[in-house]
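The values are calculated or read from the model by the stated rules, or taken from the named source; none is laboratory data. What you are looking at is a predicted structure, and each value in this text was computed from that prediction instead of being measured. Note: ideal-geometry Cβ built from the backbone for every residue, glycine included; neighbour counts use all protein chains shown.
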Amino acid sequence: MIPPAGAEGPPPAPLGEIAVDALEVRGLRKTYRPEDAEGAPVRALRGVDLTLAPGEFVAVMGPSGCGKSTLLNMVAGLDTPDEGEIAVSGESLSGMNEDDLARMRRKHVGIVFQFFNLLEGMSALENVTLPAVVAGTPRKQAETRARDLLDLLGLSDKAGKAPGVLSGGQRQRLAIARALANQPTLLLADEPTGALDSAGGAEVMELFRRLHADGQAILLVTHDETVAEAADRIARMRDGRVDDGAEPVAVAAGDATFGPLAGDGDPRP
Ligand SMILES: Nc1ncnc2c1ncn2[C@@H]1O[C@H](COP(=O)(O)OP(=O)(O)O)[C@@H](O)[C@H]1O
Ligand SMILES: [Mg+2]
C-alpha cells in the first residue's frame, strides 16, 4: 500500500533527482523450520547487508548451502524474509502481498537460472515476447522488443526455433533475453554458467559484460572465480552472511570446507 500524503515517516526520495540504488538489503534473516518437530531449523540467512549502486555488477560467491540462492529468491520476491529490509530500485518489498511482489518483479527484476527454465512448447521469439505481454505491453510492441533483444544477443536467426534445439550457451542467452524483456532495473542470475561447458560459459559471460557496459545492474551468484572476475566487486558469502565487498575480506584457508550448518552445531542425523 502506498501511504496517503501527509502520512508519518520520511518523505520518499525525489525520483530523478538523486540516483536510487538498484538494490538495498539490510539485516536480512531467514530460518527454514522443518515440517517435523525432530528436524533442526536451518538458519539460511543470518543478517545480510548488501547494496548495489545503479548499474553496478556484483558477484556473490560462497560455498554450497551458504544462502546465495535464498538471498536471490528474496530479492526477486519469490520468498519472504523473517526479518530485514529489501528495496529494489527504491521500492521496499516489506509488506507487499503476492500481487504486489509479482508486479514489482515484472517492473524491476529479470531472473536467469542455472537450468534456463525456458518454455519448450514455444519458439525462442515467443519465450522473449511473453513476459512483456504478461506485463501489459501490447503484443506487437512486445514482439518488436523481443526481436531487438534476440538481435542484440546474437540470436535473431533462432527466433522461430524451439529452445531445445539450441546449444546450452544459446539457451542461456535466450533466457537472458527473456529476463530483459521488461527492461529491468536489476538483472539477477543464479549460477548462470553452472550448466554450461567452458565455451558456453564464456559466451554468456561476454554477454553479461556487454550488458553491464551498457549500464545494466547485475547481481550474479557463482562458484566460479573466473566468472566473478567480470563483476565490479565480489561479495563473499558464508554461513548466511555476506560481506558487501566494499572492503577486502580476509578469507581464511579452509573456508570452502564450511558446510551450510557450520556454527549451528551439527543438527544432522
Ligand atoms: N525452502 C527451503 N526449505 C528448507 N531449507 C531450505 C530451503 N531453501 C534453502 N534451504 C536451506 O538453506 C540453506 C541455504 O540454501 P541455498 O540458499 O540454496 O544455498 P546456496 O545457494 O548458497 O547453495 C541450505 O542449508 C538449504 O538446505
Ligand atoms: Mg544455490
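Run down G136, G47 and say which single residue is within 16 Å of ligand 1 (Cβ to nearest atom) and either farther than 15 Å from A179 by Cα or in a loop (DSSP other than H, G, I, E, B) (or both).
Numbers: G136 fails: within 16 Å of ligand 1 (Cβ to nearest atom).
One residue alone meets the criteria, G47.
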Practice prompt. Can you confirm whether region 90-97 contains a residue that is touching a residue at least 40 places away in the same chain (Cβ under 8 Å) and away from ligand 2 (no atom under 13 Å from the Cβ)?
Written response: yes
Log entry, pairs with first residue in region 232-250 being farther than 23 Å from R43 by Cα, second being hydrophobic (A, V, I, L, M, F, W, C) and modelled with pLDDT of 95 or more, beta carbons closer than 7 Å, six or more apart or on different chains, reads D232/F57; D232/V58; R233/V58
Cβ pairs under 9 Å, 6+ apart or interchain, first in region 200-214 and of a type in the set (K, R), second surrounded by 15 or more Cβ atoms within 10 Å (Cβ to Cβ) and in a helix (DSSP H, G or I), ordered by first then second residue, are R210/L152
Scanning region 203-225 for residues that are within 16 Å of ligand 2 (Cβ to nearest atom) and assigned to a loop (DSSP other than H, G, I, E, B) gives T222, H223, D224
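Does region 6-14 contain at least one residue that is in contact with a Pro (Cβ under 8 Å, 6 or more places away or on another chain), modelled with pLDDT under 90 and surrounded by fewer than 14 Cβ atoms within 10 Å (Cβ to Cβ)? Reasoning before the result, please.
Of the residues in region 6-14, the ones in contact with a Pro (Cβ under 8 Å, 6 or more places away or on another chain) are 9.
Now restrict to residues that are modelled with pLDDT under 90: 9.
Narrowing further to those that are surrounded by fewer than 14 Cβ atoms within 10 Å (Cβ to Cβ): 9.
Taking every residue of region 6-14 in turn, at least one turns out to be in contact with a Pro (Cβ under 8 Å, 6 or more places away or on another chain), modelled with pLDDT under 90 and surrounded by fewer than 14 Cβ atoms within 10 Å (Cβ to Cβ).
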If we keep only residues of region 57-66 that are buried (at least 20 other Cβ atoms within 10 Å of the Cβ) and not in a strand (DSSP E or B), then the residue nearest to ligand 1 (Cβ to nearest atom) is C66
Expected output for region 55-83 (first residue more than 26 Å from A19 (Cα to Cα), partner among the small types (G, A, S) and surrounded by 24 or more Cβ atoms within 10 Å (Cβ to Cβ), Cβ below 7 Å, 6+ apart or cross-chain) is C66/G240; G67/A44; G67/G240; K68/G62; T70/A44
Before we move on, is A102 at pLDDT 95 or above and within 16 Å of the chain's Cα centre (by Cα)? no
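Of the residues that sit in region 67-96 and are part of a strand (DSSP E or B), among the acidic types (D, E) and at pLDDT 95 or above, which one is surrounded by the fewest Cβ atoms within 10 Å (Cβ to Cβ)?
First pass over region 67-96, keeping only residues part of a strand (DSSP E or B): 83-88, 91-92.
Among the residues that remain, those that are also among the acidic types (D, E) are: 83, 85, 91.
Applying the additional criterion that residues be at pLDDT 95 or above yields 83, 85.
Details: E83: 12, E85: 14.
Going through the qualifying residues, I end up with E83.
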(request) Assess whether V204 counts as being in contact with a Lys or Arg (Cβ under 9 Å, 6 or more places away or on another chain), of a type in the set (V, I, T), at pLDDT 95 or above and away from ligand 1 (no atom under 16 Å from the Cβ). (result) no
Taking region 119-133 and keeping only residues that are assigned to a loop (DSSP other than H, G, I, E, B) and either touching a Leu at 6+ places or on another chain (Cβ under 6 Å) or within 16 Å of ligand 1 (Cβ to nearest atom) (or both), one is left with none
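Of the residues in region 23-42, how many are basic (K, R) and either closer than 14 Å to V75 by Cβ or within 16 Å of ligand 2 (Cβ to nearest atom) (or both)? First the steps, then the outcome.
Going through region 23-42, the residues basic (K, R) turn out to be 26, 29-30, 33.
Adding the requirement that they be either closer than 14 Å to V75 by Cβ or within 16 Å of ligand 2 (Cβ to nearest atom) (or both) leaves 26, 30.
Here the count works out to 2.
State which residue is farthest from R103 (Cα to Cα) when the search covers only region 125-155 and only residues that are small (G, A, S) and either exposed (fewer than 14 other Cβ atoms within 10 Å of the Cβ) or at pLDDT below 95 (or both). Lay out the reasoning, then the answer.
To start, the set of residues in region 125-155 that are small (G, A, S) comprises 132, 135-136, 142, 146, 154.
Now restrict to residues that are either exposed (fewer than 14 other Cβ atoms within 10 Å of the Cβ) or at pLDDT below 95 (or both): 132, 135-136, 154.
Values: A132: 12, A135: 8, G136: 11, G154: 29 Å.
Filtering region 125-155 for residues that are small (G, A, S) and either exposed (fewer than 14 other Cβ atoms within 10 Å of the Cβ) or at pLDDT below 95 (or both), the one farthest from R103 (Cα to Cα) comes out as G154.
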